[in-house]
Amino acid sequence: MRIPGRSAAVLAALVSTAALAALSGCTVQPGDADGKHHLPVRIQLPSSHAPAVTRSAASGGQAPSGRTGAGGQAPPASSAPATRSAGPAPRVLWSRGDSGSGVRELQARLRQTDWLFDGPTGTYDDLTERAVSGFQGKRGLPRTGELDTVTWQRLLAMTHRPGKWELYLMGGQPADAPDPRCLTGRVLCISKTSRTLRWMVDGRTLQTMSVRFGSQYTPTREGVFHVYWKSRHHVSTLYDSPMPYALFFSGGQAVHYSYDFAARGYAGGSHGCVNVRDEAAIAALFAQARVGDKVVVHW
């Protein structure tokens with residue numbers, strides 16, 4: 001079939017244009033709907049010239065610029081993962097050698113959790129240090145043996161506020177005001193309210209010690225008495241129990257040192273005597289007291 005010369009030239013031009021389009025990879029995009037713009041041309045670049053792709057948020061990187069993450073929220077400006085502030089280091093509240101009401105409360109709370117069986121004494125000793133260390137280790141905290149703010153908060157959450165007799169289970173509570181009958185002469189002023197004995201001379205308190213009294217069925221008598229007998233190595237003939245440094249003031253009732261009080265505190269009781277748990281204190285009192293000195297037992 002013969003094609004006229006003009007038509008052949010037009011056809012050749014069309015074929016050449018199509019061939020160039022195929023070789024360059026160009027495609028024609030449709031124009032805007034309003035037809036106001038020229039038809040744009042997109043040139044597909046070889047893969048070696050493609051821009052680098054930033055890792056997506058899902059893979060730990062930043063989403064490409066201009067995109068939003070899940071929920072329509074823009075990703076953070078930095079691709080570095082967020083870090084949590086370490087916060088202040090725990091502060092040490094008490095450690096071995098400290099003493100006071102705070103240490104006493106610590107010991108009472110450690111007793112509630114069965115980490116301490118002695119005390120409270122109000123002194124941060126080796127037993128308290130070991131109890132704190134054990135409590136810390138059980139809860140994954142550093143076993144320093146020192147009470148820091150973190151350990152204290154954990155202990156507070158597990159215990160209740162100790163009452164007065166929990167705090168002074170082994171004695172050491174402050175003495176209340178002396179009875180007016182104790183303000184003259186040489187007096188053993190004994191308070192059942194504060195569980196203390198004051199050794200007083202002419203209104204001045206020379207010594208104070210913790211004491212305990214008889215049980216419900218063998219109560220310690222109240223009133224004004226006098227020391228009528230001193231017996232350094234006394235043994236009870238009725239109960240066959242030792243009563244060292246005994247100062248007898250009413251029948252078989254005496255102020256004396258008690259091994260049981262020293263070991264068990266207020267968990268026990270006497271048969272009517274006034275027990276002292278501090279052997280050094282009662283030894284000093286025994287040396288100073290005289291037969292005839294007044295004894296006042298009061299609430």
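The values are calculated or read from the model by the stated rules, or taken from the named source; none is laboratory data. Keep in mind that this is a model prediction, so the values were computed, not measured. Ideal geometry is used to build each Cβ from the backbone, glycine not excepted, and the neighbour counts take in all protein chains shown.
Can you tell me which residues in the range 139-151 are part of a helix (DSSP H, G or I) and either crowded, with 20+ Cβ neighbours inside 10 Å or free of Cβ contacts under 8 Å to residues at least 24 places away in the same chain (or both)?
Passing the criteria: only 151.
Quick check on the range 106-138: of everything there that is among the hydroxyl-bearing types (Ser, Thr, Tyr) and outside any helix (DSSP H, G or I), which residue is nearest to residue 172 (Cα to Cα)? Spell out how you get there, then give the answer.
Within the range 106-138, the subset among the hydroxyl-bearing types (Ser, Thr, Tyr) is 113, 121, 123-124, 128, 133.
Now drop any that are not outside any helix (DSSP H, G or I), which leaves 113, 121, 123-124.
Values: 113: 22, 121: 7, 123: 11, 124: 14 Å.
Only one residue tops the list, namely 121.
One residue is enough: does the range 187-204 have a residue meeting the conditions in contact with a Lys or Arg (Cβ under 6 Å, 6 or more places away or on another chain) and of a type in the set (D, E, K, R)?
No, the range 187-204 contains no residue that is in contact with a Lys or Arg (Cβ under 6 Å, 6 or more places away or on another chain) and of a type in the set (D, E, K, R).
What are the residues in the range 102-122 that are modelled with pLDDT of 95 or more and of a type outside the set (A, V, I, L, M, F, W, C), if any?
102, 104, 105, 107, 109, 111, 112, 113, 114, listed by residue number.
Residues of the range 170-216 being under 34 Å from the mean Cα position of the chain (by Cα) and among the small types (Gly, Ala, Ser), which ones?
Scanning the range 170-216 gives 171, 172, 175, 194, 210.
Keeping to the range 278-299, report how many residues are within 39 Å of the chain's Cα centre (by Cα) and assigned to a loop (DSSP other than H, G, I, E, B).
2
Any residue at all in the range 110-129 that's in contact with a strand residue (DSSP E or B) (Cβ under 6 Å, 6 or more places away or on another chain), closer than 14 Å to residue 156 by Cα and surrounded by 22 or more Cβ atoms within 10 Å (Cβ to Cβ)? Walk me through how you get there before you give the answer.
Restricting attention to the range 110-129, the residues satisfying the condition of being in contact with a strand residue (DSSP E or B) (Cβ under 6 Å, 6 or more places away or on another chain) are 122-124.
Retained after the next criterion (residues that are closer than 14 Å to residue 156 by Cα): none.
Looking for residues that are in contact with a strand residue (DSSP E or B) (Cβ under 6 Å, 6 or more places away or on another chain), closer than 14 Å to residue 156 by Cα and surrounded by 22 or more Cβ atoms within 10 Å (Cβ to Cβ), one finds none in the range 110-129, hence no.
From the list 277, 264, 290, exactly one residue is among the basic types (Lys, Arg) and loosely packed, with under 15 Cβ neighbours inside 10 Å. Which is it?
One residue alone meets the criteria, 290.
It is to be established whether one or more residues within the range 238-254 are within 22 Å of residue 169 (Cβ to Cβ) and part of a strand (DSSP E or B).
Within the range 238-254 (the criterion being within 22 Å of residue 169 (Cβ to Cβ) and part of a strand (DSSP E or B)), the answer is no, since none of the residues qualifies.
Can you spot a residue in the range 153-174 that is in contact with a strand residue (DSSP E or B) (Cβ under 9 Å, 6 or more places away or on another chain), part of a loop (DSSP other than H, G, I, E, B) and farther than 18 Å from residue 125 by Cβ?
yes
Can you name the number of the only condition in (1) in the same structural domain as residue 263 (by TED's automatic domain parsing); (2) surrounded by fewer than 22 Cβ atoms within 10 Å (Cβ to Cβ); (3) not β-branched (Val, Ile, Thr) that residue 198 fails?
All conditions are met except number (2).
Matching residues to (1) modelled with pLDDT of 95 or more; (2) among the hydroxyl-bearing types (Ser, Thr, Tyr); (3) assigned by TED's automatic domain parsing to the domain that holds residue 118:
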{"position": "216", "(1), (2), (3)": "no, no, no"}
{"position": "221", "(1), (2), (3)": "yes, no, no"}
{"position": "226", "(1), (2), (3)": "yes, no, no"}
{"position": "238", "(1), (2), (3)": "no, no, no"}
{"position": "250", "(1), (2), (3)": "yes, yes, no"}
{"position": "255", "(1), (2), (3)": "yes, no, no"}
{"position": "258", "(1), (2), (3)": "yes, yes, no"}
{"position": "263", "(1), (2), (3)": "no, no, no"}
{"position": "269", "(1), (2), (3)": "no, no, no"}
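Quick one: how many residues across the range 173-214 are in contact (Cβ under 8 Å) with a residue 24 or more places away in the chain, of a type in the set (Val, Ile, Thr) and farther than 24 Å from residue 271 by Cα?
1
Answer yes or no: is there a residue in the range 146-159 that is outside the structural domain of residue 288 (by TED's automatic domain parsing), of a type outside the set (D, E, K, R), out of contact with any Phe, Trp or Tyr (no Cβ under 6 Å at 6 or more places or on another chain) and under 30 Å from residue 249 (Cα atoms). Break it down into steps so the answer makes sense when it comes.
At the first step, the residues of the range 146-159 found to be outside the structural domain of residue 288 (by TED's automatic domain parsing) are 146-159.
Then keep just the ones that are of a type outside the set (D, E, K, R); that gives 147, 149-153, 155-159.
Of the ones still in play, those that are also out of contact with any Phe, Trp or Tyr (no Cβ under 6 Å at 6 or more places or on another chain) are 149-153, 155-159.
Filter once more, keeping what is under 30 Å from residue 249 (Cα atoms): none.
No, the conditions are met nowhere in the range 146-159.
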